Each structure stands twice: as structure tokens, then as C-alpha cells.
1. In region 163-306, carbon and sulfur make up what percent of the accessible area (probe 1.4 Å)?
2. Pairs of Cα atoms under 8 Å, at least six residues apart: use those to get the relative contact order of region 265-395, whole percent.
3. Relative contact order, percent, of the chain when contacts are C-alpha pairs under 8 Å separated by at least 6 residues?
4. Give the ranking of Ile503, Ile52, Ile59 by solvent-accessible surface, highest area first, calculated with a 1.4 Å probe.
5. What share of Cα pairs, in percent, lie more than 19 angstrom apart in region 395-504?
6. Write down the percent of antiparallel bridges among all DSSP beta bridges whose residues are both part of region 327-458, to the nearest 5.
7. Tell me, what is the 1.4 Å probe accessible area of Met69, in Å² to the nearest 10?
8. In Å, the Kirkwood hydrodynamic radius of region 485-562 over pairs of distinct alpha carbons?
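The values are calculated or read from the model by the stated rules, or taken from the named source; none is laboratory data. Just so you know, these numbers come straight off a predicted model, no measurement behind them. Virtual Cβ from ideal backbone geometry, glycine too; neighbours counted across all protein chains shown. The protein model used for the area step is the full one, side chains on, heavy atoms only, and it has no ligands, DNA or RNA in it. Shrake-Rupley method; radii C 1.70, N 1.55, O 1.52, S 1.80 Å.
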Amino acid sequence: MKKKLRRSGIKIMASLIVLLGSLAYIMVLAVINGSVGFLAAMGVTLMGAVGIAKAIDPISIGLSWGWIMGIAIGCGVLRGALRYLEQYSNHYIAFRLLATLRDKIFGALRLLCPAKLETKQKGSIIAMITSDIETLEVFYAHTISPICIAVLVSTIVFLFVGFISSWWLALVAAVAYIIIGIVLPLIYSRALKESGVNYRKEFASFNSYFLDSIKGIKDIVLNNEGEIREREVNHRSDVLLEEARKIKHGSNVQSAVTQLVVSLAIAIALIVGLVLVHYDMLRLPYMIIGVTAIFGSFGPTIAISALPGNLTQTFASGDRVLNLLSEKPAVDPITNKKDISYDSLEVKNLSFGYTPDQLVLDNVSMHANKGEIIGIIGESGCGKSTFLKLLLRFWKKNSGTISYNDVEIEDLNTDSLLDNVTMVLQETYLFDETIKENLRVAKADATMEEMVEACKMASIHDFIMTLPNGYDTPIGTLADNLSTGEKQRIGIARAFLRGSDLILLDEPTSNVDSINEGIILKSLKEQKKGKTIILVSHRESTMAIADRVYRVDAGHMTEVTE
């Protein structure tokens, strides 16, 4: 089933406009500048028509030649100045809002993570932060203002033609405005809506797949899967191009139909004007002025008619962004409750499942105190890592209790929990900064001596010192030359540097050799005084340093006694 917009186009536009907030007054200024500027542009040609009318019937036109020329020149100068102000205002709002939207998205992700990033949505999120946000710039800079300008200009021209020339001509103009600015955009918006939604969906999917392909290029080459991957990339690219072609074709057809309607409207206005003059219902000079005003007034409505091609993608992008901003986090941050200084952990009858009918952990209990290393062992997929993540409240547990210092985790402030507990995942992410700055992620004000000591404990210091610039070596220059084990040891060094009283280690030695494993485990044992270390692994050898060991099997946890 093809994906549909969750919201209508009107609701998406309304929601995006609400985001203007305090910038609304600048948008109003942009609309006024744009409207007056377009009317000034019309004034140049209109004064030409007035000059022709004066030449035909000097008595009917009271303006002098000097005034006519002065107004024409003044309108030209005013048009240039107001056009600049309109564009400046629109883009000022657009780029300010792009920054605001990105801030809101990162704020939303801060609440949704880390559970949000446990899903396979990283490529889609990257596409949202980059492409979708850029698409919305078109809405703010080139959609809201043109629509308002079209409404104002069309209304003013309708009244001008009606009062100065003829209401019959004004009626012709009004019908043309409605067809060009409302009927055609609605028709083509509906026709292009599905392609717009599909294009944004396929773009996000392609972005995610291509990102995975780049990140896994070594494995693809080593497994001789290059041709298969290439065919799939080409296939997805073709699907994306096909959706883009549909949008382009629809936009071209719409543009042709719009120009046809404009031409017909101009022809009808001229015919109606001549008929009115023929039957003495309108004097020729005023017919020329009225028809000229209509001729030059279609610019804003044509701009609206051209919007559906962009709006289909804008609505799809806006819908995706608004979906994220309205998404409820797996857990809400806890504030205004209790803070602690970690001393003990106790888990009783804990049960959890990603779906209600399939438990990953069932009635799990364990306890830990300072000065202990707790080992948790079990086969891959048995729930060990999930258990650690529940200790940091990645998700909301189904039942049971997780208590720190006899304070239930749901009564513990989130910031206090994160200040007391550090977790090292199986895969350590390194930022494109120096090794020193990557270490300072754990402790911003860490001294060089503290970083060196932490790296020695993680058995990574000697390797760092072999690099050309030591701790000042940028990670980017190493490219993929850092092994998974080396990255993992930098992650462990971060944990040592942070100095939390409870350290959660998820397979900390899974990617290191036996010598380095021994060094790391020895360091962990030396660090256990005044701390609790919970060590998850599938290796029996890793459990050698544990004071107590729990075994996880099919979601059940039992303490190993010998």
C-alpha cells in the first residue's frame, strides 16, 4: 500500500505558518512590499496606457504628460526597491526558520533518542535534516508570500478595473484569477500529490540504502556483492527518477494549460472591451486602461498556479517533519523529582517486550553494590543488551522495578541518572575531531594527564602515541584505519575518564585480542573500588573478574552459584 499524507495540505500549511511565530511581522512586511512592488511594476505599463488614452482623447484624461512620465519613472524605481525588500524579507524568514526547524528536530530527537536510533531510520533522519528542511525553504520563501500577494493584487486590480473602466471587464478578470489561481492549482495539486509523497519516501529510502552501502563498502567488496548492490542502487535510482519524471511532466502540462488560460482570458477581456466600446457602454480611453491593467495583472496568479509541482514535495517534507515533531518519545524525560549520588542498584521482577505479546525479559531480578563487578552472560539475542538499556531508561519497562539507592527509576530525574551511569556500547562512534576532543565527549574539562591515564587503563595509549600527532591526530585522517577494537577501547577510555560510579559495559572486549582483553579486564578490576561495573559478554573468559555472575537464557536471568 502506498504511503499517504497523514495531514491534508491545508493542515500542513497551517502548521508550518504557525512555526513563523515572532517572524510573522516580517512576513506581513514581505507581503506588503511584494504587493505594492508588483502594483508599481504594473504602474509603468499602466502609465503607458494612460499616455495612449490621453493621445486619443486628451479631455478624458486629466493627468498632464509630466505627471504621467513622472509616475511611470517613480513606479519603476519603487518596484526595484520593494522587490529587493520583498526577497530579502522572504529569505531572511526562510533561513531563520530553517535554523529554527533544525533546532526543533534536534530537540525532538533528543527526547526520542536513544530509542529512536535503535531502529533502522538513520538514513531517513539524515534526509529529513538535510533535504526535507531545504525543501521547506521553498515554502517559506516562495509560497506563503506569493499566495498573499496574488490575493491582494488580484483584489486591487479587480476594484480598479471595476471603478475606473468597467465591471464587465472586472468580472472577466475575476473569473480568470479564480481559474488560474485556485481551480488549476487544486486540480494539479491532487494529480501530483501521490507522486510528491512517493518521491520523498523513495528519496529517504534511497538515501538510507546508499548510506548503508557506503558504510559497508568493505564488506560488499570482500563478499563480491558489488554487482548485486550496484543493481539495487540503480533500481532504486530508476524508481526515484521515475517519480521525479511524473512530477516534472505534470508541472509542464500544468504550465502549458495555465498559459493557455491566460491567453484566453486576455483575448476575452479584449473582445469584451471592444464590444462595450462598440455599444457605447465604455469610452475607448478607459477601455485601454482597463484591458492594460488586466493584461499586466496575471503574474502573481501564474506564480500560484506554478506552485503545485513544488508543493507536493513541500507537503510531503512538511508532513514528515511535523510527524517527527509530534512523535511521542518511548519515555518522557523526568524532571522535578529526585536526584541521587549512586550507591546501589536493585532490579526486581523486571519484564519488558518491544511488543506486548513477546517478552524479551521476563521476571528478571538482580542487585549490585559499590565495589562489585557484576557479570551478565548469555548467547547473542537473549536480552543482555536490552537489560543494560533499560537501566538507562531507553524504554519504559512493562512491569517490575529498577531502583537506584531505593529510588524507583521512574522517580529519578533523567539528568541525575545520566550523571551517575555511563554506558559503553558494542559500537563506539567517533566524531570527526581529534582523539583528544573525542575523549572530552565524556568530560569536557579533562586534563591531558586524566586522558592519558584513562587511555592507559583502556590499553589504547600506546597505539595513540604511534600516530603522527598523538592525541591531536584528527579521526578523519585515519579514515577506516582504526579497527573496531581500537574504537571500542577509545569508548572504554571515555567511560574511565567520565568517572561515573556505575559503568555499564556491553561486550567491551568482543573486538580485542586476548592480550588486550587481559589488560582491559585487569584495569576494570583495579577500578572497581568505589564503583559498580556491570559487564555484559557472551565470553566465559570475560567473567573471570566478576564478583557475581548472572546468566540470561530466553529472557530469564539467574545468578550463577558455584
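1. On the way: 5240 of 8060 Å².
Accessible surface attributable to carbon and sulfur in region 163-306 totals 65 percent.
2. On the way: 73 pairs, mean separation 19.1, N = 131.
Relative contact order comes out at 15 percent.
3. Working: 815 pairs, mean separation 88.1, N = 562.
Reported as a whole number, the value is 16 percent.
4. Putting Ile503, Ile52, Ile59 in descending order of accessible area: Ile59, Ile52, Ile503.
5. Details: 2884 of 5995 pairs.
The answer is 48 percent, as a whole percent.
6. Values: 14 of 15 bridges.
Beta bridges within region 327-458, antiparallel portion: roughly 95 percent.
7. Rounded to the nearest 10, that gives 120 Å².
8. Numbers: mean 1/r = 0.0754 Å⁻¹.
Over region 485-562, the inverse of the mean reciprocal pair distance is 13.3 Å.
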